[in-house]
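Report on the structure given below.
The values are calculated or read from the model by the stated rules, or taken from the named source; none is laboratory data. Source: prediction; values computed, not measured. Please note: Cβ atoms are built from the backbone with ideal geometry, for glycine as well, and neighbour counts cover all protein chains shown. Ligands, DNA and RNA are stripped out before the accessible areas are found, and what is left, the full protein with its side chains, is counted by its heavy atoms. Shrake-Rupley method; radii C 1.70, N 1.55, O 1.52, S 1.80 Å.
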Amino acid sequence: MGFPVYIEDDKYERNAFMFNLSFVFDRDADTSSYEPVVRKVARVLTSLETENEFLSNEATKDVMYNIIEQLLEDLNSYCECQIPINSANTINLKLFPTYRNPPPVYDYQVPICTVNLKALMDDNWDITMKKIAMHINGIHHVKKIAEMADVDYGLARKCMEHLLYYGCVIMIDIFQFSNVYAVKPDIMRIIEDETVQSECLSYVKKPGTTPPSFAKLFSLYCSLKHGSTLKEWVQDNQVESLNIDIRRFISFGVIKGFLYRVHKYPILPEPHNQQSELPSRLRKLLNGKHHYDEICTMEGCSARKLDEILAAEPEVKFIWR
């Protein structure tokens, strides 16, 4: 990766001076964080050449080899460098990680903090971000947080995307006992990871109580399946007597990636959609592309209330996926 520079001036032998300081990487290396560094090095060297003929002068040209060697060692070892060139110039470089753009944030998603936002907050924070951060508790969804903070829904989503970008929050679904969850094959990896097992025990237990063994928790996770709501699962396994926080038990599995939500999608086929007495706004959502969480958030109703509304239309079908 290089940044070729062409300096045109009559003082040079061919009326121009060209140079290019290149960085060499492995074929599959992620070089995005080096791009601003390469550009800055080119700017600094251009300035040095323009002002002092640092690169073209035989007396100072040899110094450049030492600078390149120190540049290589410091960036590889410390991800930053500070190299004095002369009494007036210094090369200051620092590598900053480049994160992927966050996925879109939706009103029905629930943010969970991975860091202590209150401890990070200071006077320089954006006012909207401060108001949003105060209501993130792992329970309220994005739309609810926006309403509680009295901010625009779009701004609330932007704030969440900003927090997602820096890894300050992660997004999960709305917790309800009518939800259906199932395990992924990835659940087998936690059997061999004692660190995750210990983390699970401490995370899901109720304060001041002794949790069951990890073997019991693993068995409970494996018993989550298609066709069985969380309420039915709690009753079948007598979970309330096990000293575990059910909300945290579910969110731990979702966060670690071995548990996933089975969403419920209502469909009202044509031509029944046009003939139905359901509100037109609701009918537009009954196309199999919008699940219960999204519809309930948009309509401002609970899953139970939506069940009652859709029960009036016998042609509505449901897909679980």
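Shape index of segment 110-172: Rg/Rh, with Rg the Cα radius of gyration and Rh the Kirkwood radius from the inverse mean 1/r over Cα pairs, equals 0.91.
Counting only alpha carbon atoms, the long axis of helix 246-256 and the longest principal axis of the chain meet at about 40°.
Sorting Glu13, Glu161 by accessible area puts them as Glu13, Glu161; the probe is 1.4 Å, largest comes first, and only protein heavy atoms count. Give me the tail of P(r) for segment 2-94 as a percent: Cα-Cα pairs with distance above 24 Å. Result for the distance tail: 23 percent.
With bins 5 Å wide beginning at 0, the percent of Cα pairs of segment 175-223 falling in each bin runs 4, 17, 26, 25, 19, 8, 1.
Take every Cα-Cα distance within segment 117-256, group them into 5 Å bins from 0 onward, and report for each bin the whole-number percent of pairs it holds. For segment 117-256, the binned pair fractions read 2, 8, 17, 18, 16, 13, 12, 10, 4, 1, 0 percent. Of the residues Pro104, Asn15, Tyr203, the one whose Cα sits farthest towards the positive end of the charge dipole of the chain is Tyr203 (charges of +1 on Lys and Arg Cβ, -1 on Asp and Glu Cβ, taken about the Cα centre).
Each of Ile319 and Lys40 was given a label point 7 Å from its Cα along the Cα-to-Cβ line. The distance between the two points is 5.0 nm.
Here segment 180-262 yields Rg over Rh of 0.93, to two decimals, using C-alpha coordinates and the Kirkwood radius.
Segment 66-145 has equivalent-ellipsoid semi-axes of 43, 16, 11 Å, by the square roots of 5 times the alpha carbon gyration tensor eigenvalues, sorted largest first. The residues packed around Pro212, meaning those with a beta-carbon under 13 Å from its beta-carbon, carry a net charge of +1 if Lys and Arg are +1 and Asp and Glu are -1. For segment 151-191, the residues whose amide N sits under 16 Å from a probe point set 7 Å from the Cα of Lys231 along the beta carbon direction are 175-181. Rounded to the nearest 500, the 222 nm mean residue ellipticity of the chain from helices alone is -11500 deg cm²/dmol, with -39,500 (n - 2.57) taken per DSSP H run of at least 4 residues.
Accessible surface computed residue by residue for the chain, with neighbouring protein chains in place and a 1.4 Å probe, gives 60 Å² per residue.
When a/c is below 1.5 the answer is rounded, else prolate if a/b is larger than b/c, else oblate, so apply that to segment 218-321 with a ≥ b ≥ c taken from the square roots of the Cα gyration tensor eigenvalues. Prolate, since a/c reaches 1.5 and a/b exceeds b/c. Site-free segments of the chain were taken between chymotrypsin sites (Phe, Trp or Tyr not before Pro) in DSSP loops having at most 14 other Cβ atoms within 10 Å, sites themselves excluded; the longest one is 178-321.
Shape index of the chain: Rg/Rh, with Rg the Cα radius of gyration and Rh the Kirkwood radius from the inverse mean 1/r over Cα pairs, equals 1.16.
Basic side chains Lys and Arg get +1 at the Cβ, acidic Asp and Glu get -1 at the Cβ, and with that the dipole of the chain about its Cα centre reaches some 1720 debye.
With N the number of residues in segment 264-320, Rg(Cα) / (2.2 N^0.38 Å) evaluates to 0.99.
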